[in-house]
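Q: Please find one structure pasted underneath; my questions will follow.
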Amino acid sequence: MIDFHFYEPHAGHGLPHDPLNAIVAPRPIGWVSTVAADGTRNLAPYSFFNLFNYRPPIIGFASVGWKDSVTNIEATGEFVWNLATRPLAEAMNASSTMRKVDEFSETGLETLPSKLVAPPRVAASPVQFECHRTQMLRLTAADGGETDTWLVLGEVVGVHIDPAMLKDGVYQTARARPILRAGGPSEYFEPGAAFHMTRPE
């Protein structure tokens with residue numbers, strides 16, 4: 001019989017590093033570009049990110065703390081998600097700075113204009129989603145207490161895909177070399193193998 005390591009999160013995990021985000025892994029990265037009301041550009045990665053609905057397509061990310069991305073989206077109602085890939089990993093990591101800088105200029109990333117929203121796209125990213133904000137929710141604990149985390153949801157109103165990512169019209173996930181957040185304080189993951197199963201009717 002396994003003697004499981006058990007802990008109650010409110011009392012601490014008793015390990016060198018919180019295992020929660022290593023267990024719920026790998027996670028896609030929300031590499032979000034926004035523009036402030038005064039036109040200042042911002043680019044930031046969020047490891048709490050995912051797709052939540054097909055039609056309309058809705059994606060979302062959670063910001064621990066009220067950061068510039070959240071401020072900008074609240075003010076303008078717009079953002080762009082840029083696919084973070086292995087060739088862009090270092091630039092993505094550099095864009096996580098908390099300093100008040102233009103992350104595009106700081107990282108040397110070139111931009112492309114969006115078609116339906118104001119925030120620019122990361123030119124080197126093979127996929128970008130232009131989004132309109134749908135909801136912003138402050139997360140609460142089971143006891144009703146408010147957390148310092150905001151969930152930002154947005155409808156994808158425009159999709160840009162590099163044609164090189166398509167084979168016979170089918171998007172090739174591994175070809176894009178997406179990077180995913182894994183465990184510990186600094187581990188990332190790149191898909192190395194795929195297998196296929198057909199869902200039952």
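Throughout, read-outs are computed from the coordinates displayed, never taken from laboratory work. These figures come from a predicted structure and were not determined experimentally. As a convention, Cβ positions derive from the backbone with ideal geometry for all residues, glycine included, and neighbour counts pool all protein chains shown.
Q: With runs of 4+ DSSP H residues as the only contributors, calculate the mean residue ellipticity of the chain at 222 nm using -39,500 (n - 2.57) per run, divided by the residue total and rounded to the nearest 500.
A: When only DSSP H runs of four or more count, the value is -2500 deg cm²/dmol.
Q: Please compute the modelled spin-label separation between Glu74 and Val24, points set 7 Å along Cα→Cβ, answer in nm with one decimal.
A: 2.3 nm
Q: Using amide H atoms built 1.01 Å from N in the peptide plane, name the residues 5+ places from Ala124, or on other chains, whose amide H lies under 5 Å from its own.
A: Glu110
Q: Just name one of Val122, Ala84, Thr107: the one whose Cα is farthest towards the positive end of the charge dipole of the stretch 74-134 (beta-carbon charges, Lys/Arg +1, Asp/Glu -1).
A: Towards the positive end, the residue furthest out is Ala84.
Q: FRET efficiency for Leu116 and Ala174, Cβ-Cβ distance as r, R0 = 35 Å, nearest 0.05?
A: 0.75
Q: Which trypsin sites (Lys or Arg not before Pro) in the stretch 80-126 sit in a loop by DSSP (not H, G, I, E or B) and have at most 13 other Cβ atoms within 10 Å of their own Cβ?
A: Hits after loop and neighbour filter: Arg99, Lys100, Lys115.
Q: Report the calculated FRET efficiency for Leu166 and Leu139 (r = Cβ-Cβ distance, R0 = 41 Å), to the nearest 0.05. Mind showing how you got there, number by number?
A: Values: r = 37 Å, r/R0 = 0.89.
Working from the Cβ atoms, E equals 0.65.
Q: Ok, one more. Which order do Ser125, Ser105 fall in if you start with the one that has the fewest other Cβ atoms within 10 Å?
A: On the way: Ser125 24, Ser105 11.
In order of increasing Cβ crowding within 10 Å: Ser105, Ser125.
Q: Also: Tell me, what is the FRET efficiency for Val64 and Thr40 to the nearest 0.05, using R0 = 25 angstrom and their Cβ-Cβ distance as r?
A: 0.70
Q: What full-extension length gain, to one decimal in nm, is calculated for Met98 and Phe6 as 0.36 nm per residue of separation minus the Cα-Cα distance?
A: Here the segment from Met98 to Phe6 would lengthen by 29.7 nm.
Q: Now, a different point. Just flag the GluC sites (Glu not before Pro) in the stretch 107-163 sitting in loop per DSSP whose Cβ has no more than 12 other Cβ atoms within 10 Å.
A: Glu110
Q: Can you list residues from other chains, or at least 5 along the same chain, whose modelled amide H is less than 5 Å from the amide H of Trp31?
A: The list, which skips near neighbours in sequence, is Tyr46, Asn82, Ala84.
Q: At Val159 and Glu106, where each label point lies 7 Å from the Cα along Cα→Cβ, what is the point-to-point distance in nanometres?
A: 3.2 nm
Q: Using unit Cβ charges (K, R positive; D, E negative) and no other charged atoms, how large, in debye to the nearest 20, is the dipole of the stretch 1-77 about its Cα centre?
A: With only Lys, Arg, Asp and Glu charged at Cβ, the dipole is about 320 debye.
Q: Just to confirm my numbers, what's the Cα centroid distance between the stretch 14-85 and the stretch 154-183 in Å?
A: Between the Cα centre of the stretch 14-85 and that of the stretch 154-183, the gap is 17 Å.
Q: What are the residues whose amide H is under 5 Å from the amide H of Ala118, where those residues sit 5 or more places off or on another chain and H is modelled from the backbone?
A: Residues meeting the amide H criterion: none.
Q: Sticking with this one: Name the longest site-free stretch of the chain, where the excluded sites are chymotrypsin sites (Phe, Trp or Tyr not before Pro) in a DSSP loop with no more than 13 other beta-carbon atoms within 10 Å.
A: Working: sites that count: Phe4, Phe6, Tyr7, Tyr54, Trp66, Phe195.
So the longest stretch without any such site is 67-194.
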